[in-house]
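Asker: Please read through the structure below; I'll follow up with questions.
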Amino acid sequence: MLTDVHAHICDPVFDDDRGEVLKRAREACISSIIAVAETLNDSLKNLKLAEKHPEILPAAGLYPTILDIDQASSIENLIRDNQRRFVAIGEVGLDYWKVQDEDNRAIQREIFNRFIELGRKLDIPLNIHSRSAGHYVIDMLLEAGVKRALLHAFDGKASTTMPAVEEGYYFSIPPSVIRSRQKQKLVKKLPLKAILLETDSPVLGPASNQRNEPANLTVAMKAVAELKGIPEDEVKEVVIENCNRLFETHSG
């Protein structure tokens, strides 16, 4: 059974029909969904959703454009207090597309470094946002000696991923790969052993103007198979192994 390794299932757009969304995911052979967070409230909501829906695996994090040291500290404390419940720290990272002022980027790096160190100390994987900052993120991870990391919806050049691949990091591919030449190049360059699948629901779906949901994970899987020229079953088998390796016993 597949795992959607990065989805905002706590998003209010799912509040009215979350149960149906999860049912469609199960029908698509998706047994678990890693629910990432953008705020402290998201992180708390993920814990509550995981109590109600066993297929939801909660994560806690602070979106990189939120330059709030105090909120970051509160999320760190929440993770420490619930370290056995959270399967990942995320989403966290850098966003140099929206944050262009160097002073603000320094705050962003400080917050990210704190989550990096927390992940290392607690041995919890990082679920990472790296928009327009891919090689900076990879450099920070390598310098810190991070061993367990997932870079979601990576938007950088495929060539910049190689040091991360060599270190054993993973890259998750969303359904939007079917309409993104950059993502297609990335899939072709990455070895299958470095690939995971995500939806980033409710965004990055097969169509840009429609709500995305975890059931669309199969769209990403089919695209990876076509781009690699290999059977879907092979992609499925390897990404399940990859997921088990990164998230250990938590994945489906």
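Asker: Could you tell me whether Ala25 is in a helix (DSSP H, G or I), under 18 Å from the mean Cα position of the chain (by Cα), farther than 30 Å from Glu102 by Cα and in contact (Cβ under 8 Å) with a residue 60 or more places away in the chain?
Answerer: yes
Asker: Val13 passes all but one of (1) surrounded by 18 or more Cβ atoms within 10 Å (Cβ to Cβ); (2) part of a helix (DSSP H, G or I); (3) out of contact with any strand residue (DSSP E or B) (no Cβ under 6 Å at 6 or more places or on another chain); (4) of a type outside the set (Lys, Arg); which number fails?
Answerer: So the condition that Val13 fails would be (1).
Asker: While we're here: So which residues in the range 97-142 are closer than 19 Å to Ile75 by Cβ, outside any helix (DSSP H, G or I), in contact with a Lys or Arg (Cβ under 8 Å, 6 or more places away or on another chain) and not β-branched (Val, Ile, Thr), if there are any at all?
Answerer: Those that are closer than 19 Å to Ile75 by Cβ, outside any helix (DSSP H, G or I), in contact with a Lys or Arg (Cβ under 8 Å, 6 or more places away or on another chain) and not β-branched (Val, Ile, Thr): Asp123, Pro125, Leu126.
Asker: Quick one: in the range 72-101, of everything that is under 14 Å from Arg114 (Cα atoms) and among the β-branched types (Val, Ile, Thr), which residue is surrounded by the fewest Cβ atoms within 10 Å (Cβ to Cβ)?
Answerer: Of everything passing the filter in the range 72-101, Ile79 is surrounded by the fewest Cβ atoms within 10 Å (Cβ to Cβ).
Asker: Tell me which of these Gly145 doesn't satisfy, since it passes every other one: (1) within 15 Å of Gly93 (Cα to Cα); (2) surrounded by fewer than 18 Cβ atoms within 10 Å (Cβ to Cβ).
Answerer: (1)
Asker: Is at least one residue of the range 235-248 acidic (Asp, Glu), within 17 Å of Ile33 (Cα to Cα) and in contact (Cβ under 8 Å) with a residue 60 or more places away in the chain?
Answerer: Looking for residues that are acidic (Asp, Glu), within 17 Å of Ile33 (Cα to Cα) and in contact (Cβ under 8 Å) with a residue 60 or more places away in the chain, one finds none in the range 235-248, hence no.
Asker: How many residues are buried (at least 22 other Cβ atoms within 10 Å of the Cβ) and either assigned to a helix (DSSP H, G or I) or not small (Gly, Ala, Ser) (or both) if we restrict to the range 57-71?
Answerer: Of the residues in that region, 4 qualify.
A short reminder: the numbers here are calculations on the coordinates, not readings from a lab. As the structure is a computational prediction, the values presented were derived from the model and not from experiment. Quick reminder, even Gly has a Cβ in these numbers, built from the backbone with ideal geometry, and neighbours come from all protein chains shown.
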